[in-house]
Each structure stands twice: as structure tokens, then as C-alpha cells.
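The structure that follows is given in the form of C-alpha cells.
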Amino acid sequence: MFALIRGKGGICWSTSQPKPHLKKGFVLLRVRGTSFNPVDYKIPKLLAGQVVGMDVAGVVEEVGPGVTSLKIGDEVFGTTMGGSGGFAEFSLAKASNLGRKPPGVSWATAAALPVAWVTGLQALRDHSKMQSGDKVLVIGASGGTGLAGLQLAKALGASEVVAVCSGANSDLCTKHGADRIIDYTVDLAGGRKLVDIVGEGYFDVVYDCATNSGGGENYKNQGLAVLKKGKIMTAINGSLGHWIRLFCGCLKRQHRLFLADVNTADLEFVANLNLPLHFADGFDGVPLTEENVMRGLELIKSRRARGKVAFTVQALTGQ
């Protein structure tokens, strides 16, 4: 089968990748959609497997032993953790990491939701304990995960959503839920900090999608300074030291890193919100071909993708 793989020289396209073998608790999917997340090119083969891609949407082709929640022909979406990546003709996914695709939701949209939107949901609802009426700050708001955070904060009842992004992306963030923009290229220039703009303890929730994302950003101390006492700042990236402290239980109480638990209930919750997704220009479900995938990979690596980079696979005749 065709697939995007982690090869000896880096990520490359293959037309001779073996079809994944079915195993207990998993289903084999004929892939209809997939999308990039920055983690796809950052984590090694040893941890993530040979085939690239955590996000996937497709049709159940085979059902493994022990699976009772899905059947052949079901249209689903979710993640491939522990299975075989989504950038391929066929993918292997754990049944508990999949949800049913709602009717009317496109394959590109379904494939763009899992990691970014479930991560955002769990960051706000579960880890930061967001309540209706809270004031929410989203740092790094114009990427896929940041835009998801803006939309979800609004959907969960935030009274004010503030986005940290560049001025060039202010309209995009406003369109997706930001009530106010902090332009880091202007407002945070010359040594100014977030606390100089909003004051101490202004926010109930700080969701950091920028720190340690690859460009040298570090908003940890700034975020904590504008967070109310007793509240929690949640980040999706951290240094190696931060991750070690996480697994040792040694992080500060107000600062939390986490790995999303992508599950059926949360997948179906975010899909049924019917939020308008924003795709990077030219990547709103383009065909999954070598040329398109390599262009998309370079865009993700550039850290200038405004929205999700998603692909679709044409259905076979009669499917």
C-alpha cells in the first residue's frame, strides 16, 4: 500500500508499505482522510511507528477480536496511537480511540478534529477546570491547536477569550472566537510582558499552545503572572525537564502538561459541536498524494500553517 513513512533518511513516501495486521481491540480502516500535527515529524519511529499520522478518518474494513462497538462499513474518525499511522491507504486504530463520524461532516473535517480539538477540550474542561463565565487566554492562537482552543473556550461559555498571535493573524483569530488580540510583534515588543497589558491575575484559564513549539518561545512565567491564584495554566508542549517532572509528579500546581486521552465520548462531543474548522490555504482536504503530502509537511515544519493541513483519499468505486 502507499504510505508516508519514517525512513532511514527521514520522512518519505512509499508505495510498497505492508498492510497493517489486525490485532485484538483494533480495527483496520480504509483511510478516507488524515491531517498533520507538528508532533508527526518530531517524534521518532521508535515511539510512533513507521507510518506517519496520528489523525485519521475512514471506513472500518476489518474488526479485530474483542471489538463490539464497531462493525465493517462504519464511518469513524480518531487517532492511530498504538496502531499504524493515518497517512496511508490502510490504518490500524484502537476501537476506543475512535468515534462515529456524524452524517454531513466531511472526511477532511473529521480527520482534522481528533488531536487538536480533543486536546483543547481536555485542556480547558478537565485540566484547567474551566467554568462558564471564565476569562480565557489562548497563547499561540493561530495554529490548529490554538484555533481549536479559541472555538472551544467560546463553546464552553467563556465570558472573554483573548488570543496571543501576530497582527497578521488577528482577523483569523477573531473569526474563530477571540474577543481581543494581543499582538506579540507589537504589544509584547521592547520587553513588555502580558502582565503589563492585562494586569496580574486577570485570567481564570491560560492555555499555552506556543511554548517549546520549536521557535524558542517561552510564555510559562508570563502566563502564570496573569493567572488568578488557585487556577491552572495548561500547556501542550514542554522542555525535556518539564516532561520528566510531569511523570515524576514534580510540576508546579499551577502549571500543567498533559497527554490527551483521545476517547470515543470526547471525539463525538467535539464533532457534534459542529464548529467551523479553518484549514491552511490549499489544504482543506486535498488528495493524499506524494506531492501534496510533502508540500504539507514543509508547511507544518515552517510553523506558519494557519489552521489544519488535511488530506482526503478518494473512495473506491462502489464504496
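Are there strands (runs of 3 or more DSSP E) fully within segment 1-99 with at least 2 residues that are open to solvent by less than 20 Å² (accessible area, probe 1.4 Å)? List them.
Result: 3-7, 26-35, 55-63, 75-79, 90-94.
A follow-up question, please. Gly99 - would you say it is touching a helix residue (DSSP H, G or I) at 6+ places or on another chain (Cβ under 8 Å), closer than 20 Å to Asn169 by Cα and of a type in the set (Gly, Ala, Ser)?
Taking the combined requirement at face value, the residue does not satisfy it.
It is to be established whether one or more residues within segment 260-283 are open to solvent by less than 40 Å² (accessible area, probe 1.4 Å), out of contact with any helix residue (DSSP H, G or I) (no Cβ under 8 Å at 6 or more places or on another chain) and in a loop (DSSP other than H, G, I, E, B).
no
So that you can scan it fast, the table gives a plain yes or no per residue for (1) touching a residue at least 40 places away in the same chain (Cβ under 8 Å); (2) touching an Asp or Glu at 6+ places or on another chain (Cβ under 6 Å); (3) surrounded by 23 or more Cβ atoms within 10 Å (Cβ to Cβ):
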{"position": "Gly149", "(1), (2), (3)": "yes, no, yes"}
{"position": "Ala153", "(1), (2), (3)": "yes, no, yes"}
{"position": "Val161", "(1), (2), (3)": "no, yes, yes"}
{"position": "Ser170", "(1), (2), (3)": "no, no, no"}
{"position": "Cys173", "(1), (2), (3)": "no, no, yes"}
{"position": "Ala189", "(1), (2), (3)": "no, no, no"}
{"position": "Glu217", "(1), (2), (3)": "yes, no, no"}
{"position": "Gly223", "(1), (2), (3)": "yes, yes, yes"}
{"position": "Gly230", "(1), (2), (3)": "no, no, no"}
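Is it true that Arg304 is without any contact (Cβ under 8 Å) to a residue 60 or more places away in the chain, part of a loop (DSSP other than H, G, I, E, B) and open to solvent by 50 Å² or more (accessible area, probe 1.4 Å)?
yes
State yes or no: is Thr145 assigned to a helix (DSSP H, G or I) and open to solvent by 20 Å² or more (accessible area, probe 1.4 Å)?
It is true that Thr145 is assigned to a helix (DSSP H, G or I) and open to solvent by 20 Å² or more (accessible area, probe 1.4 Å).
Counting only residues that are on the phi > 0 side of the Ramachandran plot and part of a loop (DSSP other than H, G, I, E, B), how many does segment 167-196 have?
Residues in segment 167-196 being on the phi > 0 side of the Ramachandran plot and part of a loop (DSSP other than H, G, I, E, B): 1 in total.
Quick one: Thr109 ticks every box in (1) within 12 Å of the chain's Cα centre (by Cα); (2) part of a helix (DSSP H, G or I); (3) crowded, with 24+ Cβ neighbours inside 10 Å bar one, so which box is it?
(1)
Given the criteria over 21 Å from Asp284 (Cα atoms), out of contact with any His (no Cβ under 6 Å at 6 or more places or on another chain) and aliphatic (A, V, I, L, M), does Val105 qualify?
Considered against the rule, which asks whether it is over 21 Å from Asp284 (Cα atoms), out of contact with any His (no Cβ under 6 Å at 6 or more places or on another chain) and aliphatic (A, V, I, L, M), Val105 comes out as no.
The values are calculated or read from the model by the stated rules, or taken from the named source; none is laboratory data. If you're wondering where the values come from, they're calculated on a predicted model, not measured in any experiment. Positions of Cβ are generated from backbone atoms using ideal geometry, with glycine treated the same way; all protein chains shown enter the neighbour counts. Only protein heavy atoms, including side chains, enter the accessible area calculation; ligands, DNA and RNA are left aside. Shrake-Rupley method; radii C 1.70, N 1.55, O 1.52, S 1.80 Å.
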